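Data first, discussion second: the structure below is written as structure tokens.
The values are calculated or read from the model by the stated rules, or taken from the named source; none is laboratory data. Just so you know, these numbers come straight off a predicted model, no measurement behind them. We place every Cβ from the backbone using ideal geometry, glycine too, and count neighbours over all the protein chains shown. Please note that ligands, DNA and RNA were not included when accessible areas were found on the heavy atoms of the full protein model with its side chains. Shrake-Rupley method; radii C 1.70, N 1.55, O 1.52, S 1.80 Å.
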Amino acid sequence: MRLCAWYLYGEKHRGYALNPVANFHLQNGSVMWRINWMADTSPRGIAASCGMMVNYRYFLDDTASNSAAYLGTKQIKASEQVLSLVSQFQQNSKL
């Protein structure tokens, strides 16, 4: 879960989220909301993401400002759950 959070939040390509689905939702103003363990147990889900899935949440009043922040300063809006997992990864990582 920590590694998944880091991959989605911390791994970048030219400053933007490396994952294309994350990049799409963040460009559209979403918040990286929740990472779900074993949410997709299909063979494809296990092979592609170890069964994990992420929810992106759109707060309609904030989508324009979230999108502008992401596109302008490459700032990712994320929930406390995601940020906590990222922090745990950073504390335990050798990267």
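Computed quantities for the displayed model
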{"quantity": "Conditions (1) of a type in the set (Val, Ile, Thr); (2) open to solvent by 60 Å² or more (accessible area, probe 1.4 Å); (3) under 19 Å from Val21 (Cβ atoms); number of the one not met by Thr73", "calculated": "(3)"}
{"quantity": "Hits in region 2-37 - residues which are part of a loop (DSSP other than H, G, I, E, B) and either open to solvent by 80 Å² or more (accessible area, probe 1.4 Å) or on the phi < 0 side of the Ramachandran plot (or both)", "calculated": "Glu11, Arg14, Leu18, Asn19, Asn28, Ser30, Trp37"}
{"quantity": "Inter-residue pairs, beta-carbon under 7 Å, first farther than 9 Å from Gly29 by Cβ and open to solvent by 60 Å² or more (accessible area, probe 1.4 Å) and in region 55-70, second in a strand (DSSP E or B) and not charged (D, E, K, R), 6+ apart", "calculated": "Arg57/Val31; Arg57/Trp33"}
{"quantity": "Flag for Gly51 being in contact (Cβ under 8 Å) with a residue 24 or more places away in the chain and in a loop (DSSP other than H, G, I, E, B)", "calculated": "no"}
{"quantity": "Qualifying residue in region 79-94 (condition: modelled with pLDDT of 95 or more and not in a helix (DSSP H, G or I))", "calculated": "yes"}
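Listed here are the residues, each with its yes/no results for (1) within 19 Å of Val86 (Cα to Cα); (2) free of Cβ contacts under 8 Å to residues at least 24 places away in the same chain; (3) of a type in the set (Asp, Glu); (4) touching a helix residue (DSSP H, G or I) at 6+ places or on another chain (Cβ under 9 Å).
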site: Trp6; (1), (2), (3), (4): yes, no, no, yes
site: Tyr9; (1), (2), (3), (4): yes, no, no, yes
site: Lys12; (1), (2), (3), (4): yes, no, no, no
site: Asn19; (1), (2), (3), (4): yes, yes, no, yes
site: Arg34; (1), (2), (3), (4): yes, no, no, yes
